[in-house]
1. When a/c is below 1.5 the answer is rounded, else prolate if a/b is larger than b/c, else oblate, so apply that to the stretch 75-148 with a ≥ b ≥ c taken from the square roots of the Cα gyration tensor eigenvalues.
2. Residue by residue, what Karplus-based ³J(HN,Hα) values in Hz, rounded to whole numbers, does the stretch 119-132 have, using 6.51, -1.76 and 1.60 with θ = phi - 60° and x for Gly and Pro?
3. In nm, to one decimal, how far is the Val215 label point from the Thr92 one, both placed 7 Å along Cα→Cβ?
4. Given labels modelled 7 Å from the Cα in the Cβ direction, how far is it in nm from Ala63 to Ala172?
5. I'd like the carbon and sulfur percentage of the solvent accessible area for the chain, probe radius 1.4 Å, heavy atoms only, ligands and nucleic acids excluded.
6. Which value, in debye to the nearest 20, describes the size of the charge dipole of the stretch 79-198 about its Cα centre when Lys and Arg Cβ atoms bear +1, Asp and Glu Cβ atoms bear -1, and nothing else is charged?
7. So who's got an amide H within less than 5 Å of the one on Gln74, skipping anything under 5 residues away but keeping other chains? H placed 1.01 Å off N, in plane.
8. Around Ser220, which amide H atoms from residues at least 5 apart in sequence, or from another chain, sit under 5 Å from its own amide H, with H modelled in the peptide plane?
Amino acid sequence: EIFSGPCKAGKNCFGFFAVASTYTDTGLAKILETNPTASVALIVNNNLFSKSVAAGTKATIAATAGLTLQSEAQISVAQTDLADSDRALISTEMSKNPDVVVIVGHDKDVEPAIVHIGNGSSRPKFILAVNGINQLENYGAHKKFSECVMMPTQWDESSTAKDPVVGWSVSAYKSAMGGSPTYQEAAASASMVAIANAMHASNNDPSQLVAKMKVMDIDSFFGKLKWDANGIIQKPMYTVQKQGDIMP
């Protein structure tokens, strides 16, 4: 099962998505490499996913030396332009000149907030936005504001790792798929890679499949294939940044 939370009691579940509460961890850590102290403004869309990411972000900030939560605002709209009240909330946050702005939401939720910040006078050092550069067309005529935006992602497409059985690297996987698969498609394919490796380790004995999955610890094109006792995958979220036409 591809899921992003603890497995239900009595079920054998193996999640392939890093959980929402960890989404911004690697991005914040990367920011601290060049900015040892940073004040953070948090902008949260009004949905359960965004609130879960925000809760994890606040926990990381509280536990990390050098990070300070300066302010938090919740946006009321969903996948549409900002309401005047939302613009006012964001402007209030930006008037405090945060070093970092973390925006959490779905596609078409976060881009209007980034555009509003770009049109303002305050210039944060970093914008870390969930789904911020997935669909650049969502910026419309304001695509320039997507430059240098950082974004959490489930899949590190620059990885050279490959598993020992199927042997897919990222490039080999994309070639097999005949294009550029989404991270959801990559996760589904990674589940088959995990099963293939488990079957190999069990000498093709189906009765041993679950046991081999539970002790699996291999690298793959999708990242580490290893799970804790709750079935939560032990790969991290990754972070990319738009730099011109590339996203390293």
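1. Because a/c hits 1.5 or more and a/b fails to exceed b/c, the stretch 75-148 counts as oblate.
2. Karplus-based 3J(HN,Hα) across the stretch 119-132 equals 7, x, 9, 7, 10, x, 6, 9, 10, 10, 10, 5, 6, x Hz.
3. It works out to 5.7 nm between the two label points.
4. Going by the 7 Å Cα→Cβ label model, 3.6 nm.
5. 52 percent
6. Dipole of the stretch 79-198, to the nearest 20 debye: 280 debye.
7. Here Val44 satisfy the definition.
8. Leu225
The values are calculated or read from the model by the stated rules, or taken from the named source; none is laboratory data. Since this is a predicted model, take the numbers as computed values, not measurements. Here Cβ is always computed from backbone atoms with ideal geometry, including for glycine, and neighbour counts include all displayed protein chains. Surface areas here come from the heavy atoms of the whole protein model, side chains and all, with no ligands, DNA or RNA. Shrake-Rupley method; radii C 1.70, N 1.55, O 1.52, S 1.80 Å.
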